[in-house]
Every structure is written in structure tokens, then in C-alpha cells.
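Heads up: the structure comes next, in C-alpha cells.
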Ligand code: XMP
């Protein structure tokens, strides 16, 4: 599907670790911004309706044999261009100036003196504390350029006003650069003349319109989990094509307590979605019987999911007619990860998502969230009328409780963990901590130990409590939960969940631990 056609700032990625931040800073100003690989064709750039171009930083040198290539035509689109770090060197080199290796690599804080009045520095102090990260620096400026700012040793900012070219050697997008956001605002609003039009409602309207045009009178399906991404994606498509979208919600037998019923209720009554709920608990649990290896559990659940989904989609086709489209809640960071083979951004890929569906089913993809960050998806969800408890739901892994039941997954163990987990989540919510915590849950250990209940000796399972804070799941810190909360959780689990007689607390951060136990 085509992306949103709102006026945008296109950021070309030359491989800097900060590239995504540039787009994010611009979106924070309600201006749409998208990152494309530096190799993007001019036609693709134009399709984003740009009012300005930003060339990102990058680790390379313009003289490297494998210097990140960009089409020089990008500089001739007649649009204002802002080069950042490598972007400055690329512009200088491409437009007829020279660049040389700095005698000393500059990395970290630097003081910049603004020498000339410039639209880019409008309203900013004459001396700025900025963040530098570069090995090369501009030497002879390209014809038509003038020096606007410098550090004690190097060129810090240049411009060619007539051509609409601006460039800085430092990184305005990082927090360490004071007034960096103001500089970007000067470029986006003052120089490019962008309007702050990228509001959630605008995004919703233009996305719905676009989906309607793309899908025509076709039919779509969507795998839905009750999580924010798939629910927001489905709701947008539902606004566009109504009941011609069927959302398939599968009970894989390892959902949390009452989740199968609650999610259906939420999606049907609060979001008006056309839900096809399939209880495949028995299929999943029978395939998981006797399996203890975590990766095999994941594979079995992933494959079984595709089987169930495929079967269900054929049933839908028999009942309503051909399905051409598959809706997925792919987010912007996922897109960056998967397109980075076209550009030089180095990324670290994690597991996740329902892979393999499109290939097997030969469906065309609709990914309405592929330009958004997670917090932007929440904003959109809020505007779509999604209830706050759905928007703030903590991440839950695809293989569900199966990776929190160590050893074999049996119906009895699932039931035990559902009860214990429900107590953990309830108490964390009651303490007002749920939204500050990235994930909080219970893990069932295949460890039996002796206890006493009244006059009775017990011999039962152990349950571990896990609560972590995290930005993105890649690293995490364990949360020092208040003693009172731990005490209540522990006493409720041992008293209310017959089959668990011991509760322990996991105090391991990631790394070296992982968030899930399997
Ligand atoms: P780990 O355990 O690797 O988890 O520290 C990092 C984040 O990923 C989630 N996770 C998964 N999500 N399928 C998923 O959809 C999986 O197989 C899976 N394993 C871990 C985990 O909940 C955490 O948010």
C-alpha cells in the first residue's frame, strides 16, 4: 500500500545511529517525516510529497571506495536541503568543494560560534553547546557556500541560501545539542515552510482514504492479538472498508486468564471490529505435549498459528468471497530493520511478529502503521477511541505463557500460571505501577518444594515474579517493587493458587538475563 501523502520532510539515511531520531524530532513538531535509504530513487522520494530533504550523518568518509551512494539528483529537486555531519561532507564533496580527514576525530561536546546571521540559527544564542561525531571535516567550501558557524578547529555550519542548501557538522537531533530542536524547527518551518499538519486526526483521515482507494471493493483479513499495534491497524482498515475486514483472533491455549473473552469483548464492543474468534486450545496444547525445549515450543506455536490462520482464511473465502489483502501492524522501527539492507544503517533484529504469513498465503500487505513509532500509534489509537487499558497494555510475547512455563506445557500448568499471573498484574495495577513498568508477570518453575499450610505438609510448584523497566525490550532493569506489593502478591498466590506453595522474586537485569525466562 502507498504511504500517507501529507507534506513531509524526507530524511535520507547514510547510516548514522541517530537517523531515526531526526524523523522523530520532526514528527514531534506535527510535521510528517520519513527515513529512506540514501540509495532511494528520486521518484520514491517524490512520492512522499516532500517540502524539504535532510541528509543524515553516517560513519563513512566521502572518499571511501564504498562511500554510501546517493543520487546527486536529490540536490536538484528544487527543495531545501539540510546536511547533517556526513550530509555536510556529502554536499560539499558533490557540489565541488573538498573534505579532508580531521587530524583529530571529534566525538562529544563542542562549542560552536555562530558567525553570521542565518535562517537556520534564527533566535538561537551566538554560542552553542553541541554534540559532534565525525572523522572528516569540510575544507574548501563548494561554490556559492559561505561559512556560518565554526568550532575552534572546524567548520560547523555552512549555507548557500540561493540554492536552498544548509549543512551542519554537529547533530541537532540528539538531546546533548542544546537548541538542536530549535535549529530543526528553523529548517522545517522557517526554511521549508512546512505546516504542523501531521495530527493524529489528519493521519487517520488520509490513511483511511488511502486504504479505501487501494483496497477498492476487495476483502482483507488480519491476525489480531488484542495488542495495540494489530488493534490500531485493524481499526483503521475497518474505518475504510467496514466488515470486508475480518479479524482472526486465535486462542492458542497459552493466553492469560480470561484474555480470550476480554479481548473479543473489547474489540467487538469498543472498536466495532468484525472478529472471527477461533478457540484452537486443544490443537496447540496437544502439539506442545511432552515438549520442553523453548525454541521448539516457539516453532510449534508459530507453525500451528499459521495453520489455523490459513484454514480460517479459506473458510472466510468460501463464506464471503476471495480475500486479497492481509493487514499487519508493522511499525516504523520494524520497517527500518527490514529495509536496512538497502541502506547502511546497522540494526539489531529481535524475534517477534507473525512471520511467514504473507509468503504462504500470497496476499498483498496493508501496513497502515509502517511510518509510525510506538508512542505515535498510541496517540492514533487514542483518537480512534481505543480504551486506555488497551493502549497501555504491556507487551505480551506471541508464544504467550508457553515461554513462562519452564518445562512441559500442560493444561494444569497453564491454569496455575494464569491464576498466579492474574494476581501479579492485578496487584501491580492496584499499586498504580502498571504503566510505569515495561512488563510484569509470573513464571511457573518446574521446581517442587515442601511447605506447610495449616497442619498440612504441601509439596508444590514454585512461582517467580518478574517486573522490569525498559525502553524497547533490548535492555531491561529489574524493578525494586515495594515490599508491601511483593508481600501481597506472595501471600495471595500461595493462599489462592492451590498447586503453588513458594514465590521468589527475579532480581536479574538484561543483559545478562533476558526478560522472559525462555
Ligand atoms: P527477551 O526475553 O528476549 O524479550 O529479553 C524481549 C522482549 O521480547 C518479547 N519476546 C517475544 N515476543 N515472540 C514475541 O512476540 C517471542 O518469541 C518472544 N520472546 C520474547 C518479550 O516479552 C520482551 O518484551
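Give me the residue from the stretch 135-147 that is out of contact with any helix residue (DSSP H, G or I) (no Cβ under 7 Å at 6 or more places or on another chain) and buried (at least 19 other Cβ atoms within 10 Å of the Cβ) and, out of that set, modelled with the highest pLDDT. Out of the qualifying residues, it is 145.
Applying the criterion of being in contact with a strand residue (DSSP E or B) (Cβ under 9 Å, 6 or more places away or on another chain) and assigned to a loop (DSSP other than H, G, I, E, B) to the residues of the stretch 398-414, the residue that is farthest from residue 462 (Cα to Cα) is 408.
Might you let me know whether the stretch 7-14 holds any residue that is part of a loop (DSSP other than H, G, I, E, B), modelled with pLDDT under 95, under 17 Å from residue 193 (Cα atoms) and under 25 Å from the mean Cα position of the chain (by Cα)? Yes, there is a match, as at least one residue in the stretch 7-14 is part of a loop (DSSP other than H, G, I, E, B), modelled with pLDDT under 95, under 17 Å from residue 193 (Cα atoms) and under 25 Å from the mean Cα position of the chain (by Cα). I'd like to know if the stretch 382-390 contains one or more residues that are surrounded by fewer than 19 Cβ atoms within 10 Å (Cβ to Cβ) and within 16 Å of the ligand (Cβ to nearest atom). No, the stretch 382-390 contains no residue that is surrounded by fewer than 19 Cβ atoms within 10 Å (Cβ to Cβ) and within 16 Å of the ligand (Cβ to nearest atom). Going through (1) touching a residue at least 12 places away in the same chain (Cβ under 8 Å); (2) surrounded by fewer than 23 Cβ atoms within 10 Å (Cβ to Cβ) one by one, residue 286 falls short only on (1).
All told, residue 400 meets the bar of being under 21 Å from residue 224 (Cβ atoms) and either within 16 Å of the ligand (Cβ to nearest atom) or surrounded by 14 or more Cβ atoms within 10 Å (Cβ to Cβ) (or both).
Residues that are farther than 20 Å from residue 386 by Cβ and part of a loop (DSSP other than H, G, I, E, B) within the stretch 239-255 comprise 252, 253, 254, listed in sequence order.
Can you confirm whether residue 417 is within 13 Å of the ligand (Cβ to nearest atom), farther than 16 Å from residue 224 by Cα, in a helix (DSSP H, G or I) and touching a strand residue (DSSP E or B) at 6+ places or on another chain (Cβ under 9 Å)? Considered against the rule, which asks whether it is within 13 Å of the ligand (Cβ to nearest atom), farther than 16 Å from residue 224 by Cα, in a helix (DSSP H, G or I) and touching a strand residue (DSSP E or B) at 6+ places or on another chain (Cβ under 9 Å), residue 417 comes out as no.
Looking only at residues of the stretch 187-238 that are free of Cβ contacts under 8 Å to residues at least 60 places away in the same chain and part of a helix (DSSP H, G or I), we find that the one that is surrounded by the fewest Cβ atoms within 10 Å (Cβ to Cβ) is 213. The residues of the stretch 420-433 that are farther than 17 Å from residue 259 by Cα and touching a strand residue (DSSP E or B) at 6+ places or on another chain (Cβ under 8 Å), listed by number, are 428, 433.
Examine the stretch 247-255 for a residue that is at pLDDT 95 or above, surrounded by fewer than 17 Cβ atoms within 10 Å (Cβ to Cβ) and over 23 Å from the mean Cα position of the chain (by Cα), and state whether such a residue exists. Walk me through it before giving the result.
Residues of the stretch 247-255 that are at pLDDT 95 or above, as a first pass: 247-255.
Remaining after also requiring surrounded by fewer than 17 Cβ atoms within 10 Å (Cβ to Cβ): none.
No, that holds for no residue.
Does residue 103 fit the bill of being closer than 17 Å to residue 177 by Cα and either in contact with a helix residue (DSSP H, G or I) (Cβ under 7 Å, 6 or more places away or on another chain) or at pLDDT below 95 (or both)? So residue 103 fails the test. Residue 158 fulfils the conditions (1) within 33 Å of the chain's Cα centre (by Cα); (2) closer than 21 Å to residue 94 by Cα; (3) not in a loop (DSSP other than H, G, I, E, B) except for a single criterion, (1).
Taking (1) within 16 Å of the ligand (Cβ to nearest atom); (2) modelled with pLDDT under 95; (3) touching a helix residue (DSSP H, G or I) at 6+ places or on another chain (Cβ under 8 Å) in turn, residue 350 satisfies each apart from (3).
The values are calculated or read from the model by the stated rules, or taken from the named source; none is laboratory data. Because the structure is a prediction, the values reported are computed rather than measured. Every residue, glycine as well, gets a Cβ built from its backbone with ideal geometry; the counts of neighbours run over all protein chains shown.
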